[in-house]
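A.B. asks: This is the structure I want to talk about, given as structure tokens.
The values are calculated or read from the model by the stated rules, or taken from the named source; none is laboratory data. Here the structure is a predicted model, which is why all the values come from computation and not from measurement. We place every Cβ from the backbone using ideal geometry, glycine too, and count neighbours over all the protein chains shown. Side chains are part of the model used for accessible areas, which takes the heavy atoms of the whole protein and leaves out ligands, DNA and RNA. Shrake-Rupley method; radii C 1.70, N 1.55, O 1.52, S 1.80 Å.
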Amino acid sequence: LKAKAGSSEAIAVEASSIPAIISSFKIVCFNKKQNHNPVIDVTGLFIGDVAEFSPKNSINASSLDKKRTFMNGIKVFKTNIETRVLATYRPKPKKRSRFSFATGPKTITVEIHHSMIKLPEKPMMARIADNRIGYFGHSYQEYSDKDQQAVKTVRLIHRFRLEKKFPDQKISVPKKPIVFYIGRGVPEKYKKYVKMGIEDWQPAFEQAGFKNAIIGKYAPSKKENPNWDAEDARYSSVRWLPSTIQNAMGPHVADPRSGETLEADI
């Protein structure tokens, strides 16, 4: 729910909207070196079965087996923290008929990936979706209708932040180009073609006033940069994953305030 800041509708929206409490934590201690900021233990958030993060419905499970659930790895980067959890669930019992016995796995073990990302201090200007053009996006309900007669559903598109480095030029290089890294796991014989495919979009961006707006780069080897990681939110990447389905998917992280795409993977 949203309403224009400072409007009377904003007062009404704030008064009638209560943010959901996902979890609560005990303060373990205070960090004396950082203005006595409280320190909490978030382990329970990850290895517990929090409803908002639980995959139970998608895997048809009944409950989490905490004795067989472990933290599987934590990576800390400049703007994000990536956490992996190996979680074991008990499947829901299958219905039996009069003439058959229900059989199936006794347990289901999955790996759950949690991402915590710091949002930009200044949100990008949002862009409202046009139904004639396909975009990823998200919606919210806008209550600041000038006639105050209806609630309008607004859909924001997800897009990268592109700003001209030289605003006076008709076609300018961006302050920060869109860069996609070709992952280390992409077969060598395909890498140059993946790079060409990424940069084939450059003419489209020129029509929008940007030169070299999108660039393909090869991910550095472990020897060149052992700290480079495709899970770092500062890097967008094209990665190669084993699958029996000949298809691609495009997960991405967007700022819910503006729709700015912060990181994307293909």
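A.B. asks: Would you please calculate the Kirkwood hydrodynamic radius of segment 106-183 over all C-alpha pairs and express it in Å, rounded to one decimal? Mind dumping the intermediate values first?
C.D. replies: Working: mean 1/r = 0.0581 Å⁻¹.
Radius from the Kirkwood sum: 17.2 Å.
A.B. asks: Determine the share of the chain's accessible area contributed by carbon and sulfur atoms, expressed in whole percent, with a 1.4 angstrom probe. Don't skip to the end; give the middle numbers.
C.D. replies: Values: 10790 of 19650 Å².
Roughly 55 percent of what the probe reaches on the chain is carbon or sulfur.
A.B. asks: Give me a comma-separated list of calculated 3J(HN,Hα) values for segment 219-232, in order, Karplus coefficients 6.51, -1.76, 1.60 applied at θ = phi - 60°, integers in Hz, x for any Gly or Pro.
C.D. replies: Ordered by residue, 3J(HN,Hα) equals 4, x, 6, 4, 6, 5, 8, x, 8, 5, 8, 5, 7, 6 Hz.
A.B. asks: Given the pairs Lys191/Lys211; Lys4/Lys217; Lys32/Lys75; Lys26/Lys75; Lys26/Lys94, which are separated by over 30 angstrom at their Cα positions?
C.D. replies: Numbers: Lys191/Lys211 23 Å; Lys4/Lys217 41 Å; Lys32/Lys75 25 Å; Lys26/Lys75 23 Å; Lys26/Lys94 39 Å.
Beyond 30 Å between Cα atoms: Lys4/Lys217; Lys26/Lys94.
A.B. asks: Here's a follow-up. How large is Rg/Rh for the chain, to two decimals, with Cα atoms and a Kirkwood Rh? Mind showing how you got there, number by number?
C.D. replies: Working: Rg = 23.3 Å, Rh = 22.9 Å.
So for the chain, dividing Rg by the Kirkwood Rh gives 1.02.
A.B. asks: For Ala3, which sequence-distant residues (separation of 5 or more, or a different chain) have an amide H within less than 5 Å of its own amide H, given hydrogens modelled in the peptide plane?
C.D. replies: Here the answer is Tyr143, since their amide H atoms fall under 5 Å of that of Ala3.
A.B. asks: Go through segment 67-74 residue by residue and turn each phi into a ³J(HN,Hα) via Karplus (6.51, -1.76, 1.60, θ = phi - 60°); whole Hz please, and just put x for glycine and proline.
C.D. replies: Per-residue couplings from phi come out as 5, 10, 10, 9, 6, 9, x, 9 Hz.
A.B. asks: Report for the chain the percent antiparallel among DSSP-assigned beta bridges with both residues inside it, nearest 5. Could the numbers behind the result be given before it?
C.D. replies: Values: 34 of 46 bridges.
Around 75 percent of the beta bridges assigned by DSSP in the chain are antiparallel ones.
A.B. asks: Taking amide H positions as placed 1.01 Å from N in the peptide plane, with prolines and chain starts having none, which residues 5 or more places from Thr109, or on another chain, fall under 5 Å of its amide H?
C.D. replies: Placed amide hydrogens put Tyr89 under 5 Å from Thr109.
A.B. asks: I would also like to ask the following. From the protein chains alone at 1.4 Å, what is the descending order of accessible area for Tyr143, Tyr89, Tyr218, Tyr181, largest first? Mind dumping the intermediate values first?
C.D. replies: Working: Tyr143 75, Tyr89 5, Tyr218 110, Tyr181 40 Å².
So, going from the largest accessible area down, we get Tyr218, Tyr143, Tyr181, Tyr89.
A.B. asks: Give me the base-10 log of I(q)/I(0) for segment 134-241 at each q in 0.17 Å⁻¹, Debye formula, one uniform scatterer per Cα, rounded to two decimals.
C.D. replies: -0.93
A.B. asks: Right, something else. Whole-Hz ³J(HN,Hα) for each residue in segment 253-260, computed from phi via Karplus 6.51 cos²θ - 1.76 cosθ + 1.60 with θ = phi - 60°, x for glycine and proline: what do you get?
C.D. replies: Once θ is set to phi - 60°, the couplings for segment 253-260 become 10, 10, 6, x, 6, 10, x, 5 Hz.
A.B. asks: Would you please give the residues with an amide H less than 5 Å from that of Ile215, counting only those at least 5 places away or on a separate chain, with H modeled from the backbone geometry?
C.D. replies: Residues meeting the amide H criterion: Ile178, Val179, Phe180.
A.B. asks: Suppose every Lys and Arg Cβ carries +1 and every Asp and Glu Cβ carries -1, with no other charges. What dipole size does the chain come out with about its Cα centre, to the nearest 20 debye? List each step's numbers first, then the result.
C.D. replies: Numbers: 45 positive and 27 negative charges, 183 e Å.
With only Lys, Arg, Asp and Glu charged at Cβ, the dipole is about 880 debye.
A.B. asks: For the chain, what is the accessible area per residue in Å², given a 1.4 Å probe and the full set of protein chains? Don't skip to the end; give the middle numbers.
C.D. replies: On the way: 19650 Å² over 266 residues.
Value returned for the chain: 74 Å² of accessible area per residue.
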